[in-house]
There are 2 protein chains.
Amino acid sequence: MSDIQRPEARTPRGFIDRRARDLVAERKILTAVSAIYERYGFEPLETPAFEYADALGKFLPDADRPNEGVFALQDDPDTDSGQWMALRYDLTAPLARFAAQNWETLPKPFRRYAYGPVWRNEKPGPGRFREFVQCDADTVGSARPEADAEIIAMAAEGLVAAGVPAGAAILKINSRKLLNGLMASAGVADDGQKLAVLRAVDKLDRLGPEGVRLLLGEGRLDESGAFTKGAGLSAAAAERVLAFTEAGAGRGDTLGQLANVIGGSAEGDEGLAELAAIDAALTSLGVGAAQAVFDPSVVRGLEYYTGAVFEAELLLDATDEKGQPVRFGSVGGGGRYDDLVARFTGERTPATGFSFGVSRLAAALRAAGKDAASDVRGPVVVIVFDQARMADYFAVAGELRAAGLPAEVYLGQSGMKAQMKYADRRLSPAAVIIGEDEFAAGTATVKDLDLGRELAKGVTDNAAWRAERPGQATVARSELVATIKKILDPRP
Amino acid sequence: MSDIQRPEARTPRGFIDRRARDLVAERKILTAVSAIYERYGFEPLETPAFEYADALGKFLPDADRPNEGVFALQDDPDTDSGQWMALRYDLTAPLARFAAQNWETLPKPFRRYAYGPVWRNEKPGPGRFREFVQCDADTVGSARPEADAEIIAMAAEGLVAAGVPAGAAILKINSRKLLNGLMASAGVADDGQKLAVLRAVDKLDRLGPEGVRLLLGEGRLDESGAFTKGAGLSAAAAERVLAFTEAGAGRGDTLGQLANVIGGSAEGDEGLAELAAIDAALTSLGVGAAQAVFDPSVVRGLEYYTGAVFEAELLLDATDEKGQPVRFGSVGGGGRYDDLVARFTGERTPATGFSFGVSRLAAALRAAGKDAASDVRGPVVVIVFDQARMADYFAVAGELRAAGLPAEVYLGQSGMKAQMKYADRRLSPAAVIIGEDEFAAGTATVKDLDLGRELAKGVTDNAAWRAERPGQATVARSELVATIKKILDPRP
């Protein structure tokens with residue numbers, strides 16, 4: 001291969017390799033959340049990575065830019081009439097296609113969960129990748145608010161099961177119908193103005209009421225001197241919108257406040273009645289205001305949602321790689337989207353769902369020190385002391401595996417020291433050394449690598465520990481499994 | 001949406017949706033095989049779906065057509081210099097890229113397992129898709145034959161764990177070095193002739209020795225009248241090749257036979273010594289000739305492999321949808337590929353691995369009636385008898401879920417009969433009916449839907465069964481969970 005130009009080994013921009021620590025955390029979330037979905041009667045579904053571009057449609061849930069952000073390619077023009085295909089950007093659009101395709105034969109309502117990677121052809125940034133994992137549950141074919149409530153309850157249970165400490169996450173609920181009712185009562189008619197109002201409300205967190213008031217009116221000049229044109233509402237209409245967002249986050253009390261602001265608009269009243277039904281169902285499912293609240297400032301997506309909208313916010317304190325505090329914010333969201341299936345069938349089909357941003361949630365838990373990293377362990381390494389004894393070393397490793405202990409024989413060519421270093425880098429709990437003496441005596445020497453790492457961290461009382469954990473011990477072969485199990489779980 | 005042209009809801013050609021039955025079977029395989037890989041000390045790794053096209057290279061393991069069969073697209077020319085990216089076609093090429101990229105910091109040998117979808121831009125056919133799931137384990141950085149043996153042992157254990165009955169699968173092992181030694185002893189020098197010989201040997205299963213003899217010589221005329229040009233070996237050389245393939249499939253005895261045919265060629269002897277070491281290691285791992293044999297007729301891929309090659313063959317009798325018998329053949333394979341990492345680094349890096357064709361294995365087990373379909377169960381359905389009692393029905397479902405029973409409240413708008421039909425289509429074990437009488441009496445009526453399905457199949461002795469399983473019973477609310485558990489597991 002001397003004169004061949006060699007490619008550089010690198011991942012494409014915005015894509016990453018993930019190793020044990022990331023994967024253990026992510027799989028833990030997927031397993032826990034899937035189990036909840038199944039317990040609620042949702043069946044698994046996996047759609048392909050590709051959809052035909054026309055079937056995928058132009059909806060990106062968090063963007064109002066049509067037809068942007070997907071990875072698309074043209075199928076073979078000779079055999080497939082050159083149709084454009086695109087990688088799914090979420091799990092909802094493929095579900096809408098699946099539901100439309102199979103509507104006649106599906107049990108209805110159709111309840112499915114799904115997880116897997118989705119792809120967005122966007123500019124990557126820190127913590128922002130072009131491939132990430134979502135885990136969704138959706139009910140298609142039920143217009144009942146109880147269907148929304150159930151989706152919210154599963155999200156709340158999912159956060160706990162994923163390892164989020166109690167009180168460290170909140171589900172925020174709003175309704176597109178309330179927002180529409182608000183528009184009606186504030187005299188907002190055309191779609192452009194409506195969009196501008198929603199955009200302004202969406203900035204409440206960042207700009208506060210004063211900033212939002214400006215954006216609802218003529219416009220706002222930011223610190224850099226850039227001017228953002230406002231929605232052009234009258235002062236009275238803007239106050240009405242602000243009063244709406246200031247109803248505060250709660251359950252029954254919030255609904256009462258909101259009724260004062262938007263009561264009377266037909267769509268607003270419909271939204272209020274649905275939220276009241278969601279409140280009742282959540283309560284009977286044991287989901288209280290500490291886990292899920294109505295929050296009128298939640299907007300979520302600008303097209304797409306038609307009723308209730310949900311957002312899961314993480315309240316964990318976390319720090320980034322540089323030790324700076326990070327606010328993770330949203331780790332999932334969803335809502336009611338009654339128009340997606342109609343794209344195919346022409347018939348409005350009620351649907352509601354929630355999507356966990358699994359990659360994001362895993363990253364947040366890791367940054368907050370709440371991930372499952374301690375579950376990442378290497379295997380016991382059987383050291384190759386005597387090359388002629390490979391078969392014996394293999395038998396020892398087999399014995400450990402049969403006892404449920406991950407184990408391997410070192411298969412490189414290096415000497416003892418490098419082998420011990422290898423075992424340490426694998427985060428092995430122990431190395432097993434069997435040389436001529438041990439073979440003759442029917443014994444094995446076990447080196448406690450966990451102890452070495454504990455001592456290196458300086459977290460243990462050396463003297464007391466050393467008495468109980470000698471670091472290295474030669475034991476009878478019949479004691480080998482028990483000795484290693486004691487290292488893995490040293491509690492008396 | 002009246003005047004909008006609606007897209008047709010369909011999957012792209014060669015791609016499929018997979019529902020519970022497929023997924024339960026596939027996940028069972030992935031979980032079982034991953035557990036084995038971890039027990040052998042392999043760590044999980046997930047590389048992205050995309051690689052830069054130059055990093056992915058031209059190797060397709062089972063094809064000798066360079067640069068074909070991948071889904072490729074060009075990245076944004078403005079921000080990413082328009083580099084071509086392609087979806088991975090297997091999990092080995094991305095591993096080679098990863099190993100090259102991180103070689104300095106990896107523990108060596110580097111042992112990783114991976115699973116996930118791979119994509120091939122090929123013509124789809126029956127049972128042949130453009131997206132399918134593989135599950136691989138590889139050791140990079142060990143030239144030891146014991147590393148190969150371990151990979152083979154894991155494959156053998158994996159087949160059992162995946163649910164393949166004892167004796168219904170066999171691992172076939174050969175060595176590219178033996179084949180090269182054979183070429184040397186048969187006087188084959190140039191690469192074109194070598195390729196023709198390998199292709200001829202690869203057809204032994206299909207054409208038998210007579211057909212292969214023709215392909216080794218001048219060529220073969222098939223039934224349709226088409227002529228395939230042969231490798232052009234002399235009659236003596238062709239005999240030698242045939243004698244090699246006829247050494248038969250076994251362990252020690254086969255090695256002895258092969259030594260008679262190709263002993264003396266340096267590369268052949270090296271191959272024989274490696275296979276002997278693999279034999280010894282397999283034996284010490286408890287893998288006998290019923291699970292893994294040397295089979296000189298195994299070729300596997302034409303470029304790519306540099307030493308031992310493995311193939312997992314399923315011997316199950318299976319029938320297709322039309323009831324025709326199907327031979328599933330290969331459900332996985334692998335081997336030693338010492339050149340893949342060198343594409344990047346210029347340094348030969350020994351590597352060996354095995355890949356389960358998980359989708360294929362799942363399909364084969366299903367066709368043979370050995371899949372986990374019986375694990376696919378619907379939830380208990382709580383029937384909505386009285387719309388005003390939704391909160392109570394939700395509480396009942398919550399009670400069942402708390403007891404570990406998947407359960408849901410029916411959330412559609414239909415009446416009793418449609419609700420029962422829904423529950424039956426979901427494969428629910430039971431429906432729970434609570435009307436006015438039951439609410440008043442603190443009871444619940446449980447309908448045994450499993451019984452209904454059993455009776456419909458005619459598999460049970462109606463009279464005896466009916467006495468014990470009444471089909472429908474009204475029980476105290478405190479007995480609800482126990483009553484349903486009894487339906488799920490009716491054994492006394």
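No value in this document is a laboratory result; all are computed from the given coordinates. All of these numbers come straight from a predicted model, not from anything done at the bench. Quick reminder, even Gly has a Cβ in these numbers, built from the backbone with ideal geometry, and neighbours come from all protein chains shown.
Key figures for this structure:
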item	result
Interatomic Cα distance distribution for chain A, bins of 20 angstrom, percent	19, 42, 26, 11, 1
Cα long-axis angle, helix A:390-402 against chain A (0 to 90 degrees, to the nearest 10)	50
Count of Lys pairs (Cα-Cα under 18 Å; at least 8 positions apart or interchain) in the stretch A:138-267	5
Other-copy label distances relative to A:PHE439, 7 angstrom Cα-Cβ extension, nm	8.0
With at most 12 other Cβ atoms within 10 Å, longest stretch of chain A clear of loop trypsin sites (Lys or Arg not before Pro) (DSSP)	A:1-321
For B:ALA231, residues with placed amide H under 5 Å, excluding near neighbours	B:LEU216, B:GLY217
Cα long-axis angle, helix B:191-202 against chain B (0 to 90 degrees, to the nearest 10)	50
Net dipole in debye of chain A [+1 Lys, Arg Cβ; -1 Asp, Glu Cβ; about Cα centre; nearest 20]	1200
Placed amide H near B:ARG112: partners under 5 Å, 5+ positions off or other chain	B:GLU43, B:ASP138, B:VAL140
Nearby aspartates and glutamates by direct alpha-carbon distance to A:LYS123 (threshold 13 angstrom, same-chain neighbours under 8 apart not counted)	A:GLU68, A:GLU131, B:ASP75, B:ASP76, B:ASP78, B:ASP80
Alpha carbon centroid spacing (whole Å) that separates the stretch B:150-208 from the stretch B:240-317	7
Contact order normalised by residue count of the stretch B:378-488, Cα under 8 Å, 6+ apart, percent	27
Whole-angstrom Cα spans of the protein assembly as shown along principal axes, big to small	97, 83, 81
Net charge dipole size for the protein assembly as shown [Lys, Arg +1 and Asp, Glu -1 on Cβ; Debye, nearest 20]	840
Average Cα contact separation per residue, chain B, under 8 Å, 6 or more apart, as relative contact order %	15
Percentage relative contact order, the stretch A:239-395, counting C-alpha pairs under 8 Å, at least six apart	15
Lysines whose Cα lies under 27 Å from that of B:LYS417, excluding same-chain neighbours fewer than 8 positions away	A:LYS108, B:LYS447, B:LYS457, B:LYS485, B:LYS486
Rounded to 10°, Cα long-axis angle of helix B:145-161 versus longest principal axis of chain B	30
